[in-house]
Amino acid sequence: MTEGKGGSRAPSLVELFRQHWFEAAGEYIPVASGADLGELLVQFIRGNGIASVVLAGPPLTSSVGEALAGGVEILADFGRETHDREVALEHCGDAGAGITGVDALIAATGTLVVTSRGRGDRLVSSLPPVHMVVASEAPVFSDLETFLKAAPRDLSFSFITGPSRTADIEKRLVLGAHGPKRVIVWGPE
């Protein structure tokens, strides 16, 4: 936390990210340092009536997958298994939630950055109706330009700012029309 003009406190990058993330209809659950993230995820999944999940590959930690294995039905774990396209589409389409890691957070826009290094990330983050994002260890960049200056040049990126949305012909906003209806970030306090 920094001191702004006139003695007011300027928001931290995490606070700024959360503010913009909420404005985009995203959900955010702060995770205390040292908290048992796997147990928190299991409680959330059970408490929200989610029957099954799919897991993306790295940067999602293997410890999350291990924690979920005992308490949640995992249809596919892209970090441990290789699936052909048809099987992957079926698993991701049938799952109640997809769980991915994230490579970075962009504070100025409330945007998640997922790189092409994780297996299954795009399917896991876009097909199930709920996308849960493990971001407790992700670096937070002030803006897109700052991220791009530090980003690896050999990867492609997906940028996610809140749940899927579209406006129909009558200009009514509909969430979840072409992707998840809910996107929940487990991030730093």
Tell me whether segment 33-123 comes out rounded, prolate or oblate; compute the Cα gyration tensor, take square roots of the eigenvalues as a ≥ b ≥ c, and use a/c under 1.5 as the rounded threshold. oblate
Once fully extended, how much extra length lies between Arg153 and Ser12, figured as 0.36 nm per residue of separation less the alpha-carbon to alpha-carbon distance? 48.0 nm
Modelled label-to-label distance, Ser116 and Ser33, 7 Å Cα→beta-carbon offset: nm? 3.6 nm
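Values quoted throughout were computed directly from the atomic coordinates according to the rules given, and no laboratory measurement underlies them. The structure presented is a predicted model; accordingly, all values stated were derived computationally and were not measured. Because the Cβ atoms are built from the backbone with ideal geometry, glycine has one as well, and the counts that use them run over all protein chains shown.
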